[in-house]
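Student: Once you've had a glance at the structure underneath, I'll fire off some questions.
Every number here is computed from the coordinates shown, using simple stated rules; none is lab data. Bear in mind that the values here come from a model prediction, so they are computed numbers and not experimental data. Heads up, the Cβs are rebuilt from the backbone with ideal geometry, glycines too, and the neighbour counts pull from every protein chain shown.
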Amino acid sequence: MFAFLDVPAEGAYHVVSWLAGATGVALAIVLFTVGVRLMLHPLARMAVRGEKARAALAPQATELREKHKRDPERLQRELMTLYQDSGTSLFAGCLPMLLQLPFFMVMYRLFSSGTINGLPNDLMSQTLFGTAFGAHFLSTGSLVFVGLFAALLVVGWFSSRAVPQESPKLLRLLPFGTSLAAAVIPLAAGIYLVTTTTWTVVERFYLRR
């Protein structure tokens, strides 16, 4: 079903294997993730500028919500017009997150496929504290995943607090969804999630200063 990911997964396999030769698989995944986020950093800067623009419009948005609170459709139209006229968007902050999805899917494919280009996937046999990087929590119940869940919840809390109040509620709840996702994805993909969400929190803090 995910055959279209085979080619990028093969490329990621060579990159991660090369890094793992010097650092180990876990740190190789972290470095791979950091490389992805560095490529997306210019978009993150654009997203933060958009957030600042929306914050400047917050008083006008509040007036519109009070004025049209009994007419949700009219309120939605007025808000969209307000943001469009100012050249910003309610969902500008989602762009870096959306562009990460292909990389996450490649990481998932890499650690859920027993073969890469017809050859055994050696990364699948590597372990972290006795748990294979291709293992799932539901099939192992490993304590490594408990630590992973805890880390994702802590980072999710910080990430949720960093989302501007005027953003859609879904965006403020979304960071906690990664903890649920970690229960059904390979350990390697969970490490990717912890790394990328931590990067997001630190990056936003830095850019907003």
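Student: Using the Cα centre of the chain as the reference point, and only Cβ charges (+1 on K/R, -1 on D/E), how large is the resulting charge dipole? Debye, rounded to the nearest 20.
Tutor: 760 debye
Student: Can I ask one more? Under a Cβ-Cβ cut-off of 15 Å, what is the net charge of the residues other than Tyr192 that fall near it, where Lys and Arg count +1 and Asp and Glu count -1?
Tutor: +2
Student: Right, next: Can you tell which of Asn117, Phe103, Thr196 lies farthest toward the positive end of the dipole of region 3-208, using +1 and -1 charges on the Cβ of basic and acidic side chains (Lys, Arg; Asp, Glu)?
Tutor: The Cα lying farthest towards the positive end belongs to Thr196.
Student: While we're looking at this one, here's another question. Along the charge dipole of the chain, pointing to its positive end and built from +1/-1 on Cβ of Lys, Arg, Asp and Glu, which listed residue (Val7, Tyr206, Gly177) has its Cα farthest out?
Tutor: Tyr206
Student: I would also like to ask the following. Just to be sure I understand: with springs between alpha-carbon atoms less than 10 Å apart, which residue in Pro175, Pro102, Pro59 has the highest mean-square fluctuation in the Gaussian network model of the chain?
Tutor: Evaluated over the chain, the most mobile residue of the options is Pro59.
Student: Separate question: Under a plain spin-label model, where a point goes 7 Å from the Cα along Cα-to-Cβ, how far apart in nm are Leu99 and Arg70?
Tutor: 4.5 nm
Student: Right, here's the next one. Subtract the Cα-Cα distance of Leu153 and Phe4 from 0.36 nm times their separation in residues, and report this length gain in nm to one decimal.
Tutor: 50.4 nm
Student: Moving to a separate point now. Name the residue, out of Ala58, Ala47, Ala183, whose mean-square fluctuation peaks in a Gaussian network model built on the chain with Cα pairs under 10 Å.
Tutor: So, out of Ala58, Ala47, Ala183, the one fluctuating most is Ala58.
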